[in-house]
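Only one structure is covered here, and it is reproduced in the block below.
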Amino acid sequence: MIQLHGGNTGRFPGVTDFSANINPLGMPDSVRAALSGSIDGAEQYPDPYCTELRQRLAEHEKISPDNIVCGNGAADLIYRIVHAFRPQKAVVCAPSFGEYTRALNEADCSIAEHLLTEENGFVLTDSILDELDGSVDICFLCTPNNPTGLLIEPELLERTARRCEENGILLVCDECFMGFVRDGDKYSLRRFISGNCIILKAFTKLYAMPGLRLGYTVCGSAETAQRIAGSGQFWSVSSIAQAAGTAALGEKDYTERTVNYVTAEREYLISSMRDMGIRVYGSEADFIFFRSLPGLCEKMLSEGILIRDCQSFHGLEEGFYRIAVRGYEDNTRLITALRRCING
C-alpha cells in the first residue's frame, strides 16, 4: 500500500485520512465566501499575472511583487523552476519531497543525493556544505522537511545560502509547512535571501485548500522571478484560486490559532506514541514521522484509518510512517487504534 503522496482516499472510501497533512481547523470562512463570490468570474480567463494576489503577497512578504511568482500549487512551481533554469547537476536531500527528483529527472539533470541518516536523527548537518561545490547548479532543501517535520537550524541555513551564493548555485528552499511552526520567521531562508535564492510556499496545507492548487515563490531577484514566470503554462492559476488566496491573506489570527492548536495536538500524539514505545522523531510541522512495526499501514487500515507508508521516500525502508495532526477526536481515535495494532 505504498503511495507516492498522501490523501489518496478514493481507493479507501470511509476511512479517516491521516496520510495527508491539512490544517485541522479547516478552510477559513472568508475563503469559502470568496470562493462563492468568484464563481461568475470563472466564465472569463483568469489574470495570467495574478496582479492583485501578487500585490497582497508582496505586502505580506515585505518584498516587491516583481519578486513573486504564483503557480498551480507548489509542485507546479518546482517543475517550472527546473525547466526555467535547466540545471545539469543538482543536490537533493533524502528522504524529502519526491517531486524535486521527479522534476529534475524530467529535465535529464544529474542528481547527487545527500542522505539524511537515522543515526543523526534525520537532521541536516554541516556535511551538506561539502556537496555544494562549483559543479552544482541547483540545490533543493525543505524546512520543515517532508516527511520528517524537522527544521534546518538557522545558522546552517545561513552558511548553506552563503556557500550557494559563492558557487553560483540556485538554492530552492521549500517552506510550505513553515506556517505551522511557532516563530517560523526565525527559521526561514527569508532572513538570508540573496539573488540566487528561491523560497517555495503554498496555501494548500495552512489554509486547508489543496483542491484549489495555489502556491508561490519568493525570489531573491526579479530576474529569477521573471524566468520562472516565463516557464510553464500562461494561465497557471485559476480566478477562483486567486480569489481564495487573496481572501486567505486577509485572515488576522488564523495562523496563530492554527499554530497553537496543532502544537498542542502534536504534543499529545507524540507523548502518547512514545508511551507505547514507538520511536518518534521530533516534528515542528502538522505531521509526525515515526518508526514502528512492518505492515502497520494494513493493520491501521483495518481500523478504518489511513496513514502514510514512507517507503516511497528515497532513503527510507519498511517500517517508517507519517501521520497528520488532525482534530482531537480523530487523534484520540488514532491512538486507540495504534494501541490495538501494536499490542495485538
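The values are calculated or read from the model by the stated rules, or taken from the named source; none is laboratory data. In this text, all values refer to a predicted model and were calculated from it rather than measured experimentally. Cβ sites come from the backbone with ideal geometry, for glycine too, and all protein chains shown count toward neighbours.
Figures for the structure shown
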item: Candidates 77, 53 - the one that is assigned to a helix (DSSP H, G or I), among the hydrophobic types (A, V, I, L, M, F, W, C), within 24 Å of residue 140 (Cβ to Cβ) and touching a helix residue (DSSP H, G or I) at 6+ places or on another chain (Cβ under 9 Å); result: 77
item: Selection from the stretch 195-207 of residues that are out of contact with any Pro (no Cβ under 8 Å at 6 or more places or on another chain) and at pLDDT 95 or above; result: 195, 196, 197, 198, 199, 200, 201, 202, 203, 206
item: Counted residues, the stretch 314-344 - those being within 25 Å of residue 92 (Cβ to Cβ) and surrounded by fewer than 23 Cβ atoms within 10 Å (Cβ to Cβ); result: 6
item: Scan of the stretch 20-48 for residues that are without any contact (Cβ under 8 Å) to a residue 40 or more places away in the chain and surrounded by 14 or more Cβ atoms within 10 Å (Cβ to Cβ), ordered by number; result: 32
item: Considering residues of the stretch 191-216 that are in contact (Cβ under 8 Å) with a residue 60 or more places away in the chain and of a type in the set (Val, Ile, Thr) only, the residue nearest to residue 163 (Cα to Cα); result: 198
item: Lone qualifier among 74, 90 - being in contact with a Gly (Cβ under 7 Å, 6 or more places away or on another chain) and modelled with pLDDT of 95 or more; result: 74
item: Matching residues in the stretch 114-132 - criterion: being part of a loop (DSSP other than H, G, I, E, B) and surrounded by fewer than 13 Cβ atoms within 10 Å (Cβ to Cβ); result: 117, 121, 126, 127
item: The stretch 190-212 - residue that is surrounded by fewer than 24 Cβ atoms within 10 Å (Cβ to Cβ) and farther than 17 Å from residue 179 by Cβ and, of those, nearest to the chain's Cα centre (by Cα); result: 211
item: Residue list for the stretch 263-303, filter: touching a residue at least 24 places away in the same chain (Cβ under 8 Å) and β-branched (Val, Ile, Thr); result: 263, 278, 288
item: Within the stretch 241-275, tally of residues that are surrounded by 16 or more Cβ atoms within 10 Å (Cβ to Cβ) and farther than 24 Å from residue 210 by Cβ; result: 3
item: Pick from the stretch 325-344, criterion outside any helix (DSSP H, G or I) and touching a helix residue (DSSP H, G or I) at 6+ places or on another chain (Cβ under 9 Å), ranking: farthest from residue 100 (Cα to Cα); result: 327
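One line per residue, one yes/no per condition, for (1) modelled with pLDDT of 95 or more; (2) at positive phi; (3) acidic (Asp, Glu):
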site: 305; (1), (2), (3): yes, no, no
site: 308; (1), (2), (3): yes, no, no
site: 315; (1), (2), (3): no, yes, no
site: 330; (1), (2), (3): yes, no, yes
site: 334; (1), (2), (3): yes, no, no
